[in-house]
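Encoded as structure tokens, the structure appears first; notes follow it.
The values are calculated or read from the model by the stated rules, or taken from the named source; none is laboratory data. Because the structure is predicted, anything quoted here is derived from the model rather than measured. When we count neighbours, we look across all protein chains shown, and the Cβ atoms used for this are built from the backbone with ideal geometry, even at glycine. When the accessible area is computed, the model is the full protein with side chains, heavy atoms only, and any ligands, DNA or RNA have been set aside. Shrake-Rupley method; radii C 1.70, N 1.55, O 1.52, S 1.80 Å.
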Amino acid sequence: MKDSVGRVYVLTNPRMQGLVKIGFTLGTVEGRAKELDATGTPEPFEIAYQVEVRGPETLERRAHSQLTGYRVRNSREFFEVDVVVAILCVRNLAGERMDEECNPKFIELIDESAKRRAKDRERKIAADKTLEFKKFDLEASGLQDRKKRLKRELEELQAKANSAPLLLKLSWLEEHGQIPLLLLGLFLLIFGTIASMSIHFLLSWLSAIIAVGMLISWKRIKSSAEKKKAQNNSIFVLEREIFNLNFDLQKLEDQKIYLPHNLAEFVTSNPVHVDERGFERASRFDSSKR
């Protein structure tokens, strides 16, 4: 029966408001309607739609499956659904149709339904494109916000660097003489202590005075060197931050936001470089086309 030719039909009955019957026959739909009229129904069935196809049983089964939520009983072919919905369901599933007939009183309703569905599709497409463009616009604006923020931070750091003191050069003693000076002071202090034990008081006092002077000098030289190094280190840190910000900003400048072709209608068509809004294919957002 898969390759057999038959007709799938949609029937209505004036006494069964809101119900439609969807079935198939290998004969004529008119004959099938008469058969159903002989089963004790109050009034004859009316043929709303019929379509001739190969494999009518398959088409009937697919239509029943798609409308299963409207089925009155699983053992019956009746569905509590609008007749136009039933007709469109069968018609859309039919694929290659060898022949079809529709009751004239439903043709206008089907056309109106098709127009509504077409408008709904258009509105959905427009809404989806608007949403997609909003995401694109948000991404482009975010890119520009990051650029502006980095530029502002870079300007602040550059101003701070311009007002910072110059690098300080360490003297020879500050760079190389701290340890020798400390060792010499400690040696004289020890030597003075030993001299006092051998009753060389003059030599002991002289060594002690010189040792104290050297230790004081070592402390001052060390403190001066640490201050210079700390100041120089803060300048190096500032320069490194400026370098890193410049590097990050350059990466952002090289980053492009490409407008998808399906959203070209939202902006002007002249392609330009990324502007202050971040657009790659156009320079201004055209709100009139939203």
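Structural remarks
- L166 accessible area, assembled protein chains, probe 1.4 Å, Å²: 140 Å²
- Between N92, I110, A127, the Cα set farthest toward the positive side of the dipole of region 77-129 (charges on each charged residue's Cβ, about the Cα centre) is that of A127.
- Placing unit charges on the Cβ atoms only, positive for Lys and Arg and negative for Asp and Glu, gives region 37-106 a dipole magnitude near 360 debye about its Cα centre.
- Within region 227-258, the chymotrypsin sites (Phe, Trp or Tyr not before Pro) that combine a DSSP coil assignment with at most 14 other C-beta atoms in a 10 angstrom radius are Y258.
- Placing R0 at 45 angstrom, the Cβ-Cβ distance between A118 and K251 gives a FRET efficiency of 0.45 after rounding to 0.05.
- Ligands, DNA and RNA excluded, the heavy atoms of D99 present near 60 Å² of accessible surface to a 1.4 Å solvent probe.
- Theoretical gain in end-to-end length, K219 to D145 [0.36 nm per residue, Cα-Cα removed]: 21.6 nm
- Accessible area per residue for region 55-131, computed on protein heavy atoms with a 1.4 Å probe, is 67 Å².
- Each label point was placed 7 Å from the Cα along the Cα-to-Cβ direction; for V72 and I194 their separation is 12.4 nm.
- Accessible surface of region 28-176 [probe 1.4 Å, protein heavy atoms]: carbon and sulfur percent: 51 percent
- The aspartates and glutamates within cross-link reach of K227, meaning a Cα-to-Cα straight distance under 15 Å and a gap of 8 or more places when in the same chain, are E174, E175.
- In straight-distance terms, cross-link reach from K34 covers every one of the lysines whose alpha-carbon lies under 26 Å from its own, apart from those fewer than eight places away in the same chain; here that gives K2, K21, K105.
- Which of T41, T193 is most accessible, then next, and so on - probe 1.4 Å: T193, T41
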